[in-house]
Structure formats: C-alpha cells, structure tokens
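The values are calculated or read from the model by the stated rules, or taken from the named source; none is laboratory data. Values in this document were obtained by computation on a predicted structure and should not be read as measured data. Cβ placement follows ideal geometry from the backbone for every residue including glycine, while neighbour counts extend to all protein chains displayed. Protein only, heavy atoms only, side chains kept; ligands, DNA and RNA dropped before computing areas. Shrake-Rupley method; radii C 1.70, N 1.55, O 1.52, S 1.80 Å.
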Amino acid sequence: MSRRKSRTDRRAGRPDGIRPLSDVFGSIELGPGGDEEYSVRTIPAARALKTYRCPGCDHEIVPGVAHIVAWPRLGGEEDRRHWHRGCWNGRHTRRITRRWS
C-alpha cells in the first residue's frame, strides 16, 4: 500500500517554507575570468521589465526574456550585470565582448 508523501518529505526533510539559500538569494559561481566569485540570480521572464545590454554578446536583453544577474561578490550590487543565460553559461569558453567601467 502506497502512502502519499507529505510536503516535508518532498523537500528532503525540510519543514514547509524553508528553502536552501541558493533558491532564495541565488548562488555563488566563478565569474568570467574564472578567478573571482560572483553572486548570481535568475530573473524569470515575468520579472524582466527593462532592457539591458549583455556583456557576453553585446546584444540587448529585452523585457520579457528570462536572464541572469551577476555581480562580483566583493564588489557589491552596484556592479550588477545582466546576462543572457547562454552567455553566462559560456563565459569560460569565450571572451567578454563588452567591458564596463
């Protein structure tokens, strides 16, 4: 006889409403140079309301397109950059096309 899994079981033993930090605040990954840690967050399409320029390909990220926001962990959020998901995933295999000051 099978039993129905409770919400706690589905979340690997965590009580309802508690998620790992990576789900809430993003994650920590190596940046484009591979030598600096970056804080990374995913922006869903429904929350993408402005146009940004991706530093990986130098093309625009238009409103309604899901993308990644990344900034140096030690640099602070004022250094945030919006990346296409594919450009962020390929950051180690190609050079950045757009440099910011």
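A few remarks follow.
- Enumeration of residues in the stretch 46-72 that are touching a strand residue (DSSP E or B) at 6+ places or on another chain (Cβ under 9 Å) and farther than 18 Å from residue 89 by Cα: 48, 50, 51, 62
- Yes/no for residue 28 being at pLDDT 95 or above, touching a strand residue (DSSP E or B) at 6+ places or on another chain (Cβ under 8 Å) and among the β-branched types (Val, Ile, Thr): no
- Looking only at the stretch 38-90, residues that are in contact with a Phe, Trp or Tyr (Cβ under 8 Å, 6 or more places away or on another chain) and open to solvent by less than 50 Å² (accessible area, probe 1.4 Å) come to 14 in all.
- Residues in the stretch 26-36 that are open to solvent by 40 Å² or more (accessible area, probe 1.4 Å) and more than 13 Å from the chain's Cα centre (by Cα): 33, 35, 36.
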